[in-house]
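Only one structure is covered here, and it is reproduced in the block below.
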Amino acid sequence: MFRKLLYSLLAIIIVAGVGIWAWWPENLVAKGPFLDFLTGKQAETPKPTEIQERFKLPEGFRVGIFAADVPHARMMRVTDTGDIVVTSMREGNVILLHKDADGDGQSDGRTTLFSGLNIPHGLALADGYIYVAETDRISRAPFNAAERKAGQLEVIFRGLPPGGNHRTRTIGFGPDGKLYVTTGSSCNVCIEDHPYRATMLQMEADGSGAKVFATGLRNTVGFDWHPMTGKLYGTDNGRDLLGDETPNCELNLIEAEADYGWPYAYDDKVADPDFGEGNEERIANSRAPVHGFGAHRAPLGMRFLSGTNTPRSFENTALVALHGSWNSSKLVGYKVVALRFQPEGTIEEQDFLTGFEKGEDVIGRPVDIAQGPDGAIYVSDDYAGVIYRVGWGEITVGEPQQKASDALATEPFSDLSENARVSLIESGRSLFQENGCASCHSKIDAPEGVQVKELKTLKARYDARAIAQLLDTPPGPMPSYAHLSEEDKKALAAYLLLSTDTQ
């Protein structure tokens, strides 16, 4: 009896194994925190040592945690008063993170604006309202940013197809005052039944007049308008199960009535092996991406940088969060990249914030990008439930701040004699006055009515190299210092770091 039972069990295991082998699709690789994604398991908040050792940024930038314990943090919007609104997607909440008013680089508190929602994801702020996109509808409520209070949500559009493989909905207002909405596909690759699947919609602010604006967008999560040209760009996630290198995840220039190919084509009019045959005319008329991120990177939120305290070298630049792969034999993505729009029309991609994945150990997955009125950059992470704050220039970030591995010591003047040091400081003091720095940074010299930004505690945040770089690429409010020699910059650094005026 026992032997029969054992043989029966063995037969079941063999049949099941053969069945799985026969069914298992080619190129079905599941790697990375895929199970955690399916179950909603959260990673631990990165420790200070992890942030210091793993996270890398371009020189001059620093990163710290603005807010932790924001479960499954997804899309963000910055209010007129500098607070951050963020969706806690799986928990069904919309949270208001209070701005950093005490100067420590961290949120001063939080308020839950809405709870019990059905997969809230996209957010928008316009004309005294806060808009929230759930998987099946869009709602809005009166919102008082100064008082941090929201009224009752009212549904303005119910026509979104719910759920599916891509169940998130992203919204945003364009320069034309219209509300734009993206609805991802229900599948990896298929012919959709619902006309709103794999599209971008356009509607009035009250939800009326909805129409398909663009189609063939498999899963466009992030989109933003170029601040100078007004053109609309969106990130799109390419299909799976075609190997490690195919197809690209895309950046598209999204225009009215354009078709971007899915599910019939990918990349630059390449026929999809499942649905390309017989659709040659549609493929020929499809739009090619303006930039390819590579396969399986999963680009989500994107934001063009602007405003104060943004280096001039980052003008005409968008940041994009690469959420990271699951259908790849080697983990790819898991970082924030900078897309630099060149005058001749090309786009160059460079790493901006890396370290979420190292040696196939994943501690975070970036989702969205936002920028505050002071120029601070915020990055949401739905795996660790963290909002990071990235600062440049005078922007403070929560400890620990990133330190460049090759940074010079704070005081690289130790080889100078005392007389030489005093002479260098005095030269720097003169340059400080001659270049008008005192009019913004000295209470004695500033004109009446000017809000003075005193240069105190610089030594704790800068070294000589960082100050020289700040002078090379000054943020918005500062004038150009291109006329200064390297010796002048050294003298200014000596004055700012060593003088008792700035201690």
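Between GLU154 and GLU59, the modelled label-to-label distance comes to 5.5 nm, taking each label 7 Å out from Cα in the direction of the beta carbon.
With the cut-off at under 11 Å, measuring from each backbone N in region 146-186 to a point 7 Å along the Cα-to-Cβ line of HIS194 picks out 158-169, 183-186. Here the spin labels are modelled as points 7 Å beyond Cα on the Cα-Cβ line, and at SER430 and LYS231 they lie 5.0 nm apart. Label point 7 Å out from ALA146 along Cα-to-Cβ: which residues of region 62-102 have amide N under 16 Å? Inside the label zone: 79-83.
Set the Förster radius R0 to 25 Å, insert the Cβ-Cβ distance between ALA205 and GLU349 as r into 1/(1 + (r/R0)^6), and round the FRET efficiency to 0.05. That pair, ALA205 with GLU349, gives E of 0.15.
With each label modelled as a point 7 angstrom along the Cα→C-beta vector, the ALA101-GLU245 pair spans 5.6 nm.
In sequence order, region 321-338 has phi-based couplings of 8, 9, 5, x, 7, 10, 9, 8, 6, 10, 4, 9, x, 6, 6, 10, 10, 9 Hz under the Karplus curve 6.51 cos²θ - 1.76 cosθ + 1.60, θ = phi - 60°, and Gly or Pro positions carry x. With one equal scatterer per alpha carbon and no solvent term, the Debye-computed log10 I(q)/I(0) for region 246-348 at 0.15, 0.18, 0.22, 0.23 1/Å reads -0.73, -0.96, -1.18, -1.22.
Which net charge results for the neighbourhood of PHE143, defined as the other residues with beta-carbon distances under 14 angstrom from its beta-carbon, given Lys and Arg at +1 and Asp and Glu at -1? Its environment carries a net charge of -1.
When the C-alpha to C-alpha distance is required to be over 24 Å, the pairs from LYS41/LYS335; LYS47/LYS490; LYS99/LYS489; LYS99/LYS149 that qualify are LYS47/LYS490; LYS99/LYS489.
All of the numbers you see were taken from the coordinates with simple rules; none came from a lab. Given the structure is predicted, the values throughout are model-derived calculations rather than measurements. Glycine gets a Cβ as well: all are built from the backbone with ideal geometry, and neighbour counts include every protein chain shown.
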